[in-house]
Amino acid sequence: RRRGDGAGPAADGQRGGSDADGAAAAATLAFAALQPGAVLVASPKFKTGDLAGATILIERVERDGSARGVVVNRRLPASERRRLARRSAGTLPDTVWVGSGGPLGASVVTVVHDLRGIPGSVAVAPGVFLGHFAAWQFLSLEHATHNPVKLIYGCCMWQAHQLAREFEAGYWSVLPPNDPAARRAALSYH
């Protein structure tokens, strides 16, 4: 498993019957509508592992069904925040939320914010922008005290069709990018 998670669709039993068929059809529709800026909310089926209780902002979805996103509700403890500050930016303003974006890509730095016009950032949803290292360099120099700014280390990645299977198995619900709840989930400091 590339996600690094101990629970998932492989742990489920067989499904059958018309209720399961209806749920599978609904999951297929939800996955088909998935796009950058959408927010995935883990179901209680994730009892343990890296994605239990996760809220994930989707960065991209490819034609083959592979996808990438960042967990936006896992704030790092102060000790880890200080270690990362020494390694990458020197110091981090207290107003910057620092989190773990997932079990993969520890060197991937993602910045989630609500500021228009930041170099290296793209709008993924109304009022939600996502960037990487260039955006962080600009934000750390020019707008370090602006809230909300999330600096996220790591990410989640799904191989072709993996996320679609997880939708079908009932592991995720989705908030579309234009839903105000998606914006709150992406930017709030939980």
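The values are calculated or read from the model by the stated rules, or taken from the named source; none is laboratory data. Because the structure is predicted, anything quoted here is derived from the model rather than measured. Neighbour counts are summed over all protein chains in view; Cβ atoms, including those assigned to glycine, are modelled from backbone coordinates with ideal geometry. Note: areas computed on protein heavy atoms with side chains; ligands, DNA, RNA excluded. Shrake-Rupley method; radii C 1.70, N 1.55, O 1.52, S 1.80 Å.
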**Study point:** strands (runs of 3 or more DSSP E) enclosed by region 13-115 - at least 2 residues per element that are among the charged types (D, E, K, R), out of contact with any Ser or Thr (no Cβ under 6 Å at 6 or more places or on another chain) and modelled with pLDDT of 90 or more
**Key:** 55-61
Review point. Exactly one of (1) modelled with pLDDT under 90; (2) surrounded by fewer than 22 Cβ atoms within 10 Å (Cβ to Cβ) is unmet by Ala123. Its number?
Key: (1)
Exercise for review: Kindly provide the set of residues from region 36-74 that are surrounded by fewer than 16 Cβ atoms within 10 Å (Cβ to Cβ) and not hydroxyl-bearing (Ser, Thr, Tyr), ordered by number.
Suggested key: Pro44, Lys47, Ala52, Gly53, Arg60, Glu62, Arg63, Asp64
Review point. Gly4: open to solvent by less than 50 Å² (accessible area, probe 1.4 Å) and either outside any loop (DSSP other than H, G, I, E, B) or at pLDDT below 90 (or both), yes or no?
Key: yes
